[in-house]
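The values are calculated or read from the model by the stated rules, or taken from the named source; none is laboratory data. In this text the structure is predicted, and so the values were computed from the model without any measurement. So basically every Cβ, Gly included, is an ideal-geometry build from the backbone, and we count neighbours across all protein chains shown.
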C-alpha cells in the first residue's frame, strides 16, 4: 500500500470528480468512495478533489489504494496574491457575452433553447485563450455592460454593488474549473459523485473530450445547497422593511439557488447515465431536469458477511446505549438528538447517548452542541467520542439514531442492520424504506426500528423509550434489519451494477478532436445529437461507430 498522496499519471480508466469528500473528509460519501476504489483493484482511477480552502481540511482522512494512479487537489476559494498591476479596461467580445446571455435565458425559460447545446458551445469560449476567459469577465467593457443589463432586467435588490460582487464571486470558480479541465489527464470514463462544481467539471470534460460522464448522487446536491443557502447568514438583503415580502426569499439567496440548479442541469444534460440511491431521489432528479431514460437506481450496499460477525461480540441482553454516528454538522441536527436524550433520561436514568463522528467540519456548531449538552445537565449521559472505527463501536451500541433534516440512503443504517443494531431515524430520504421496507416482499420482513418526524425531540425520545423498553420488539427489529440488508443491500449487488456501468461506458467509441460531430450520435446526449443533426444538414455525415476506435479493453 502506497502511503503518499502524491500520484501522477498520463491517463486513467475512470476519473472520479469529488467535491468536499474523499480523501480529506470523513463521512458516508467518502466511505462509499473508499469502498468503490477498493472493489475494482484492476481499474486505474484518477481523482480530482475540489475543496474550499486549504485551511478547511486537516490532511488526508483515508489512505489511497494502489489503483489510484493520479490525484489532484484544488481549492476554489484559496486566497490569491494581490494583483500588483493597475486595473485596465479591455474591450471584450460582445458576441461572446450575447451567447452567455442566451444560455442564461435558456435556463430561465424551460421551453426555450436547449441549454445543453448552448453549453457545449460555451465550453470552447471560457478557456484562457477564449473570448469569455476570466480576464474578459473581470476587466472588459462587454462584461460590465452585460452585468449592468442583467441587473436592470432581473435584480429586485436595490444594491448594484452587492449584485456586482455576488455575480463575480459566483462565477469565479467556473474559470478555475475550466483551467483544471484543460490540464486534466484523459480518462475513458468521468464519474462525478455530485452535481455542483464537480458536476460542472464533469460536464466540461465530457464536452471537451467526448468521453462518457456518469453522475451518481447520494443526496440531491441542489436540494442540500438550498437548505444551506436558506440558513446562511452571509447573504445580503438590502430591501427596506416595507419592500420585503415574507413569502419570498431574498433575491441574492434565490440567485445562488438558481446558480446551483443550473449547474445541476448542466451535469444532467452532459451525463450518459444518472444514478440515484432510491426511487424518490430518481424522481427528484427528473423533476430537476434529468432525462428519465438515462436515470436508474443503485442502492448502497455493505459487506453483510463481514459486519454480521460483530453480532457475536454483543452483550447477551440489549443495554441502554443510543449512538448517533455521523459528522457533527447542522444538517445532521445533533441538537435534536441531545434534546431527545434529555427527555428520555427522565424515564431511563441510565441511558447513554454517544455522538460518534468528526467535529472539524464545523467547529462552531460542534461547540454549540457541547454547550447544549452541558446546559441540560447531560454530562453523565452524552459523550462526544469523535471518529471511531465502525467495527469497534457497533457491538457496544443498542440503537442507532439518525436525526438528520436531509439524507439519501444512509450507509450507517445499513451497517447497523448488518451488525445487529436497529435504528430510529427521522422521516427523510429513504429512511422509511430502510426501516419499514419497500414493496410487499420487503415489508413482510417487519420493521427494523422506528421513524419519527424531523426536529421533534419529544417524538424521538418516545421512540427510544419504546424500543429500549421492549426487548421482544427490539429483537424483532434486529432480525428484520439483518434480513433486509442481506436480501436487498449487499455490497456485491452494488459493485456488480457499477461494474456493468463502467464496462459499458469505457467501451464507448473513442472520438478524435473535442466532441466533434462525427461522434455525436454515439454519445446520445442532447448536445451531441444537436451537433450531429447540424453536421448532417451541412453535408458532413457522421462516421460509423466502427470507425471511431470502437475496440476498447474491458475494465475488470
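Using the structure shown, decide if residue 203 is part of a helix (DSSP H, G or I), touching a residue at least 40 places away in the same chain (Cβ under 8 Å) and under 16 Å from residue 50 (Cβ atoms).
Yes, satisfied.
Considering only helices (runs of 4 or more DSSP H) fully contained in region 412-512, which possess at least 1 residues that are surrounded by 21 or more Cβ atoms within 10 Å (Cβ to Cβ) and either out of contact with any helix residue (DSSP H, G or I) (no Cβ under 8 Å at 6 or more places or on another chain) or on the phi < 0 side of the Ramachandran plot (or both)?
In region 412-512, 431-436, 457-468, 471-488, 491-506 are the helices (runs of 4 or more DSSP H) which contain 1 or more residues that are surrounded by 21 or more Cβ atoms within 10 Å (Cβ to Cβ) and either out of contact with any helix residue (DSSP H, G or I) (no Cβ under 8 Å at 6 or more places or on another chain) or on the phi < 0 side of the Ramachandran plot (or both).
Can you tell me which residue among 166, 195 is surrounded by fewer than 22 Cβ atoms within 10 Å (Cβ to Cβ), closer than 19 Å to residue 255 by Cβ and touching a residue at least 24 places away in the same chain (Cβ under 8 Å)?
166
Hey, among 364, 379, which residue is surrounded by fewer than 24 Cβ atoms within 10 Å (Cβ to Cβ), modelled with pLDDT of 95 or more and either in contact with a helix residue (DSSP H, G or I) (Cβ under 8 Å, 6 or more places away or on another chain) or in the same structural domain as residue 471 (by TED's automatic domain parsing) (or both)?
364
Can you find even one residue in region 55-76 that is assigned to a helix (DSSP H, G or I) and assigned by TED's automatic domain parsing to the domain that holds residue 266?
Yes.
Kindly indicate which of 485, 500, 464 is at pLDDT 95 or above, closer than 28 Å to residue 193 by Cα and in the same structural domain as residue 397 (by TED's automatic domain parsing).
485
So that you can scan it fast, the table gives a plain yes or no per residue for (1) surrounded by fewer than 19 Cβ atoms within 10 Å (Cβ to Cβ); (2) in a loop (DSSP other than H, G, I, E, B); (3) in contact (Cβ under 8 Å) with a residue 40 or more places away in the chain:
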position	(1), (2), (3)
234	yes, yes, no
239	yes, yes, yes
247	yes, yes, no
260	no, no, yes
264	no, no, yes
267	no, no, yes
274	no, no, yes
280	yes, no, yes
285	no, no, yes
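Of all the residues that make up region 1-38, how many are touching a residue at least 60 places away in the same chain (Cβ under 8 Å), farther than 29 Å from residue 363 by Cα and buried (at least 19 other Cβ atoms within 10 Å of the Cβ)?
Adding up the residues that qualify gives 5.
For the subset of region 307-319 comprising residues that are touching a residue at least 60 places away in the same chain (Cβ under 8 Å) and surrounded by fewer than 18 Cβ atoms within 10 Å (Cβ to Cβ), which member is nearest to residue 348 (Cα to Cα)?
319
Determine whether region 241-248 contains at least one residue that is assigned by TED's automatic domain parsing to the domain that holds residue 208, out of contact with any helix residue (DSSP H, G or I) (no Cβ under 8 Å at 6 or more places or on another chain) and over 28 Å from residue 162 (Cα atoms).
Checked region 241-248: no residue is assigned by TED's automatic domain parsing to the domain that holds residue 208, out of contact with any helix residue (DSSP H, G or I) (no Cβ under 8 Å at 6 or more places or on another chain) and over 28 Å from residue 162 (Cα atoms).
Does residue 373 satisfy the criteria of being assigned to a helix (DSSP H, G or I), without any contact (Cβ under 8 Å) to a residue 40 or more places away in the chain and outside the structural domain of residue 226 (by TED's automatic domain parsing)?
Criteria met by residue 373.
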